[in-house]
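The values are calculated or read from the model by the stated rules, or taken from the named source; none is laboratory data. The structure displayed is predicted, hence computed values, not measured ones. Note that we place each Cβ from the backbone using ideal geometry, even for glycine, and neighbour counts take in every protein chain shown.
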Amino acid sequence: MSGVTDPVSYETLILGLGNVLWADEGFGVRAAEALNAGYRFGSGVHLMDGGTQGIFLIPWVRSATRLLILDAVDYGLEPGTLKIVHGDDVPRFMGAKKVSMHQAGFQEVLMSAKLTGDFPDQIALVGVQPALLDDYGGSLTDRVKARVPDAVDAAIRVLEGWGIDFEARTEPLADAELIGPSALGIDDYETGRPG
């Protein structure tokens, strides 16, 4: 999993948050994986499976000039609703309603970074309203899984607005390019789960 080494300064950090073992809670990680599978970015951009690392993500956030977060967020909307939030509104939504332990922790990450003065100049959140969280070992629900491509498109629009260069991938990812362990990739994970 990415994030176990010391962070270096990145112009842009794309951070997928969540726990893939708890149904829709894994949306942010799955969206980051799909973004990584579809696009190649320059050296100033780092895609990361932030999982549920909470406060351990502070150095990563502090090192980024721009931060794009992908996550399951309780907006109080219909399940599967995708919403993009920018700027000062992002921390408010990261803790508006507790979806999981990592989410409250990530609001603290953002506030801690802000207090140090090392806060990204630009920040955006692409979030989906989860339908189901209490299915341990479950994958994304169909309604939320269907929004992963839309989340990728929304992320690309945010990155384009920030002037980030990227290109569509034409070859499958090499193992070294994965942002998480291949055994937890969504296809292997879903087919390996007992009925």
Worksheet item: Within the range 130-148, is even one residue within 16 Å of LEU15 (Cα to Cα), touching a residue at least 60 places away in the same chain (Cβ under 8 Å) and in a loop (DSSP other than H, G, I, E, B)?
Response: no
Response to the item:
Going through the range 33-68 in order, the residues found to be closer than 18 Å to THR170 by Cβ and small (Gly, Ala, Ser) are ALA34, ALA37, GLY38, GLY42
Practice prompt. Kindly indicate whether LYS114 is surrounded by 12 or more Cβ atoms within 10 Å (Cβ to Cβ), closer than 22 Å to ASP89 by Cα and either basic (Lys, Arg) or without any contact (Cβ under 8 Å) to a residue 12 or more places away in the chain (or both).
Written response: yes
Worksheet item: What about VAL90, is it modelled with pLDDT of 85 or more, touching a Phe, Trp or Tyr at 6+ places or on another chain (Cβ under 8 Å), in a helix (DSSP H, G or I) and β-branched (Val, Ile, Thr)?
Response: no
Response to the item:
How many residues of the range 138-181 are surrounded by 11 or more Cβ atoms within 10 Å (Cβ to Cβ) and either modelled with pLDDT under 70 or not acidic (Asp, Glu) (or both)? The answer is 29
Practice prompt. Being surrounded by fewer than 18 Cβ atoms within 10 Å (Cβ to Cβ) and not in a strand (DSSP E or B) is the filter here, so list the residues in the range 27-53 that pass it.
Written response: ALA37, GLY38, GLY42, SER43, GLY44
Discussion item. Every residue in the range 158-185 that is in a helix (DSSP H, G or I) and over 15 Å from the mean Cα position of the chain (by Cα), please.
Written reply: GLU160, GLY161, ASP175, ALA176, GLU177, SER182, ALA183, LEU184
Practice prompt. Out of LEU35, LEU57, LEU47, report the one residue that is more than 21 Å from ARG92 (Cα to Cα) and at pLDDT below 95.
Written response: LEU47
